[in-house]
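Take a look at the structure below.
The values are calculated or read from the model by the stated rules, or taken from the named source; none is laboratory data. Quick caveat: nothing in here was measured; it's all calculated off a predicted structure. All Cβ positions, glycine included, derive from the backbone under ideal geometry; neighbour counts span all protein chains shown. We work out accessible area using only protein heavy atoms, side chains counted, and drop any ligands, DNA or RNA first. Shrake-Rupley method; radii C 1.70, N 1.55, O 1.52, S 1.80 Å.
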Amino acid sequence: MTTHNELLEILANGENSGVEFKRDDLSTQDLAKELVAFSNLTGGIVLLGVEDDGSVTGLNRDNLEEWVMNVCRDKIKPEIVPFFEVVRDVKNGNDIAIVRVTPGYDVHALWHHSTKRYLMRVGTQSREASQEELARLFQRRGLVRAELRPVSGSTYVDLDQRRLRNYFSDIRQQDISSNEDQDAWESLLFNTEIITEDGVSVGGMLLFGKTPNRFLPHAGIDAVAYPGTEQDYDAREHTTLRGPITPLLDKAGNILENGLVEQALDFIQRNTPVVVETLGGRRVAYTTYPRDALREGIVNALIHRDYLLTNTNVELAVYSDRLEITSPGRPPNGITPERMRSGTRAARNQLLKDMMRDYRYLENMGMGIPRKIIKGMKEHNNTEPDLVEQDEQFTLRLHKKDSEKHSITDSR
């Protein structure tokens, strides 16, 4: 229940991304519009009986709760069941009704004149979602998978046959056809979602493409190493890592050609110092960051990023006091940094996740963040990683131990 003081504070702060003021004589479609927009973002409340300027004029509609529930059933598809309450005598004897909705598991639409309108909340406005916003919203709700979309202009021949044979024969230990039997290969790749009827899938291109960035310019990693604690034009190294995510392995599992993960690890190794300390009279050398934590962070950024955001790569930044891995897109399916710390699992790109698990990049239990990153950093240098969700990106930040920040021996 909302207290008077809480409600007065909301009124004083005005409308925002999660609050809308309305008189209670608004139309059914106007109420549905606001509730749909809130549900398609992060949830919110509509206060009925309030003017745009926050003044309280009270409630006059008969059977208000029944009317609100009918709007949510008849004017919203799929329907929404909101939380409804009336707070009495808020100001000058006037009441306010609170209609609260949470983020939906579905993508909701205003249903009016037999037409669906998809809306989103942007600041203090509820407006129709653009085509790109709507695609990302469906993906975020788990209703569409960007990794299974066909890559325009691509065909079977744009895949690296060596990596495909390596994957199916050596990693999955399947019987495979000769390279010349293209029909058999296309059937296998179609059934495993690496290709579609209209070309190579996005996931297939990312994993096994000969030159993924030719078709998907945003498929690489922008890697930069700064000399200090801030971004600087005078970077020690700045490069874009390109190529398929997967490595090429020999029969024994040794790496013949790096994938993106190994390229990123090599970049970090040559741009971070080796730490040397004296323990019990002995000089002991160890890496700045534990390799398992780095590998887990890089893999997560590549397989969980939002590939519908086509104007940016995964970003890897090495500073003198920390390392940051930034992945485009918010975490999928309602996952928050707090839930990640607890080991909650959700995949935006299930194909990428499954195949990278086949390569043993991921734990079967999906506990990489709490075990390899959080616990790994605690054991390595007693620091706590930051998991930061901001705007349309997610950042993993690893810290050096304080005593290392002015250190020691450069590994290059």
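Could you work out how far apart the two model spin labels at N382 and E9 are, taking each label as a point 7 Å from the Cα in the direction of the beta carbon, and quote it in nm?
Roughly 3.7 nm, to one decimal.
Protein chains only, probe 1.4 Å: how do E15, E389, E147 rank by accessible area, largest first?
E389, E15, E147
With Cα extents along the principal axes in Å in mind, check (1) 64, 55, 36; (2) 69, 50, 45; (3) 76, 64, 39 and report the label derived from this structure.
(3)
Using 0.36 nm times the number of residues separating E197 and D222, minus their current alpha carbon distance, what extension gain do you get? Show your work: numbers first, answer last.
Working: separation 25, 0.36 × 25 = 9.00 nm, distance 3.19 nm.
Value of the extension gain: 5.8 nm.
Can you pull the accessible area of Y319 for me, 1.4 Å probe, Å² to the nearest 10?
Its heavy atoms expose roughly 10 Å² to the probe.
To the nearest whole percent, what portion of all C-alpha pairs in the stretch 243-363 is separated by more than 21 angstrom? Don't skip to the answer; put the middle values down first.
Numbers: 3489 of 7260 pairs.
Value for the stretch 243-363 (Cα pairs over 21 Å): 48 percent.
Per-residue HN-Hα couplings for the stretch 377-389, Karplus 6.51 cos²θ - 1.76 cosθ + 1.60 at θ = phi - 60°, whole Hz, x for Gly and Pro?
Working through the residues one at a time gives 5, 4, 6, 6, 9, 6, 10, 10, x, 9, 10, 10, 9 Hz.
For A109, enumerate residues with amide H under 5 Å from its amide H, sequence gap 5+ or separate chain, H modeled in the peptide plane.
Those lying under 5 Å, H to H, from A109 are K77.
Using 10 Å bins from zero, what percent of all Cα-Cα pairs in the stretch 1-134 falls into each bin?
13, 47, 32, 8, 0
May I ask you to compute the full-extension gain from T124 to N254, defined as 0.36 nm times their residue separation minus their alpha-carbon distance, rounded to one decimal in nm? Mind dumping the intermediate values first?
Values: separation 130, 0.36 × 130 = 46.80 nm, distance 5.51 nm.
Result for the pair: 41.3 nm of gain on full extension.
Hey, rough spin-label estimate for Q231 and R360, points 7 angstrom out along Cα→Cβ, what's it come to in nanometres?
Reported label-point gap for Q231 and R360 is 3.9 nm.
Going by Cα centres, the stretch 17-81 and the stretch 369-397 are how many Å apart?
About 39 Å separates the Cα centre of the stretch 17-81 from the one of the stretch 369-397.
Percent of accessible area on the stretch 1-104 owned by carbon and sulfur, 1.4 Å probe?
Numbers: 2110 of 4960 Å².
For the stretch 1-104, the apolar C and S fraction of the accessible surface comes to 43 percent.
Could you compute the FRET efficiency for D89 and S114, with r as their C-beta to C-beta distance and R0 at 30 Å, rounded to 0.05?
Values: r = 42 Å, r/R0 = 1.40.
Once rounded, the FRET efficiency stands at 0.10.
Could you do me a favour and compute the accessible area per residue for the chain, 1.4 Å probe, result in Å²? Intermediate results must be reported in sequence, preceding the final value.
Values: 20060 Å² over 412 residues.
Solvent-accessible surface per residue comes out at 49 Å².
For the chain, modelled as a Gaussian network with Cα springs under 10 Å, which listed residue fluctuates most, D266, D222, D175?
D175
Kindly state, to the nearest 0.05, the FRET efficiency for S187 paired with E277, given R0 = 51 Å and r defined as their beta-carbon distance.
Details: r = 57 Å, r/R0 = 1.12.
For R0 = 51 Å, the calculated efficiency reads 0.35.
Give the carbon-plus-sulfur fraction of the accessible surface of the stretch 118-198 in %, rounded to a whole number; probe 1.4 Å, heavy atoms of protein chains only. Present the calculation step by step, with values, prior to reporting the outcome.
Working: 1880 of 4360 Å².
Roughly 43 percent, rounded to a whole number.
Determine the distance separating the Cα centre of the stretch 223-252 from the Cα centre of the stretch 117-173; give it in Å without decimals.
Their Cα centres are 24 Å away from one another.
Considering only the stretch 1-120, what is the antiparallel percent among its DSSP beta bridges, to the nearest 5?
Values: 18 of 22 bridges.
Bridges in the stretch 1-120 are about 80 percent antiparallel.
Over the stretch 114-187, what relative contact order in percent results from Cα pairs under 8 Å that are six or more residues apart? Show your work: numbers first, answer last.
Details: 28 pairs, mean separation 9.3, N = 74.
This gives 13 percent for the stretch 114-187.
Evaluate the relative contact order of the chain (contact order divided by residue number), counting alpha-carbon pairs under 8 angstrom at least 6 apart; express in whole percent.
Working: 769 pairs, mean separation 48.1, N = 412.
This gives 12 percent for the chain.
Can you tell me, using C-alpha contacts under 8 Å and at least 6 residues apart, the relative contact order of the stretch 332-383 as a whole percent? Kindly include the intermediate steps, with their values, before the conclusion.
Details: 29 pairs, mean separation 17.5, N = 52.
Normalised by residue count, the contact order of the stretch 332-383 is 34 percent.
Can you tell me how much longer the chain between R270 and T312 gets when fully stretched, taken as 0.36 nm per residue apart minus their C-alpha distance, in nm with one decimal? Intermediate values should be presented prior to the final figure.
Values: separation 42, 0.36 × 42 = 15.12 nm, distance 2.43 nm.
Result: 12.7 nm gained on full extension.
For the chain, what are the DSSP H helices with axial Cα length of 18 Å or more and mean Kyte-Doolittle hydropathy of at least -1.0?
On the way: long enough: 291-304 (19 Å, 0.09).
Both cut-offs are met by 291-304.
Connecting C-alpha atoms closer than 10 Å in a GNM of the chain, tell me which of N92, N381, N258 has the biggest fluctuation.
Maximum fluctuation in the GNM of the chain, among the listed residues, is at N92.
Provide the FRET efficiency to the nearest 0.05 for the V284-K375 pair, computing r from the beta carbons and using R0 = 30 Å. Numbers along the way, then the final one.
On the way: r = 21 Å, r/R0 = 0.70.
The calculated FRET efficiency here is 0.90.
Take E392, project a point 7 Å from its Cα along the Cβ direction, then tell me which residues of the stretch 331-355 have their backbone nitrogen under 17 Å from it.
331-333
I'd like the carbon and sulfur percentage of the solvent accessible area for the stretch 258-335, probe radius 1.4 Å, heavy atoms only, ligands and nucleic acids excluded. Before the final figure, lay out the partial values.
Numbers: 1280 of 2790 Å².
Carbon and sulfur together cover 46 percent of it.
Evaluated at 4 °C with a viscosity of 1.567 mPa s, what Stokes-Einstein diffusion coefficient in µm²/s does the stretch 133-242 have when Rh comes from the Kirkwood expression over alpha-carbon pairs? Present the calculation step by step, with values, prior to reporting the outcome.
Values: Rh = 16.2 Å.
Translational D for this selection: 80 µm²/s.
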